[in-house]
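K.L.:
Just dropping this structure here.
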Amino acid sequence: MIIYIYYPRKEPPPPPEPSKEEKDALIIEILKGADTAEIAKREGIDEENLKKWREEFMNDLLYYAKHRRQIEKELAEKTTDIKWFEDVCKEFIGENWKELTNYDMRNR
């Protein structure tokens, strides 16, 4: 007698969602005149996702345009704060403070 054992097939997990930078790069390509359908096929992405990402990109762009001065002011303030922090660390910890504190790994 032959016994068949059924093992259900596992569906492969969906591909990871592209990063914001990857999405923006695709939308910029479309805005420059590339065909949405061709990009969707090339990237294996549903055209509806590209439309949604384009809407998000345009909303971000409009927000930046409306608030540019405030955003740039905050960036300048943060840059000044970071410079002050780095100078203080150098003064109190020493020249090799970045290596001692793994400072360069903070954004990973």
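Every number in this text was worked out from the coordinates using simple rules, so none of it is lab data. The structure presented is a predicted model; accordingly, all values stated were derived computationally and were not measured. Glycine gets a Cβ as well: all are built from the backbone with ideal geometry, and neighbour counts include every protein chain shown.
K.L.:
For the chain, what is the relative contact order in percent, using Cα pairs closer than 8 Å and at least 6 residues apart in sequence? Please list the in-between numbers first.
P.N.:
On the way: 23 pairs, mean separation 15.3, N = 108.
Relative contact order comes out at 14 percent.
K.L.:
Please list, by residue number, every one of the chymotrypsin sites (Phe, Trp or Tyr not before Pro) in segment 4-108 that is coil in DSSP and has at most 14 other beta-carbon atoms within 10 Å.
P.N.:
Values: sites: TYR4, TYR6, TRP53, PHE57, TYR63, TYR64, TRP84, PHE85, PHE92, TRP97, TYR103; in loops: TYR4, TYR6.
Passing both the DSSP loop test and the Cβ count: TYR4, TYR6.
K.L.:
Okay, moving on. Hey, what number do you get for the chain at 222 nm if only DSSP H runs of n ≥ 4 count, each worth -39500 (n - 2.57), divided across all residues, to the nearest 500? Walk me through the numbers before you get to the answer.
P.N.:
Numbers: 4 runs with 72 residues, N = 108.
One gets -22500 deg cm²/dmol as the mean residue ellipticity at 222 nm.
K.L.:
Another question about this same structure. For segment 4-59, list log₁₀ I(q)/I(0) at each q in 0.23, 0.25, 0.26, 0.30 Å⁻¹, using the Debye formula over Cα point scatterers of equal strength and ignoring solvent, two decimals each.
P.N.:
-0.90, -1.03, -1.09, -1.35
K.L.:
P(r) for the chain, please, calculated from all Cα pair distances in 5 Å bins and given in %.
P.N.:
In order of increasing distance, the bins hold 2, 9, 11, 11, 9, 10, 10, 10, 9, 7, 4, 2, 2, 1, 1, 1, 0 percent.
K.L.:
Using a simple charge model, +1 on the beta-carbon of Lys and Arg, -1 on the beta-carbon of Asp and Glu, nothing else, what dipole does segment 20-105 show about its Cα centre, in debye to the nearest 20?
P.N.:
Values: 16 positive and 23 negative charges, 77 e Å.
For this selection, approximately 360 debye.
K.L.:
Using +1 at the C-beta of Lys and Arg and -1 at the C-beta of Asp and Glu, which of ILE5, ILE27, GLY94 has the Cα lying farthest in the positive direction of the dipole of the chain?
P.N.:
With unit charges placed on the Cβ atoms, the residue in question is ILE5.
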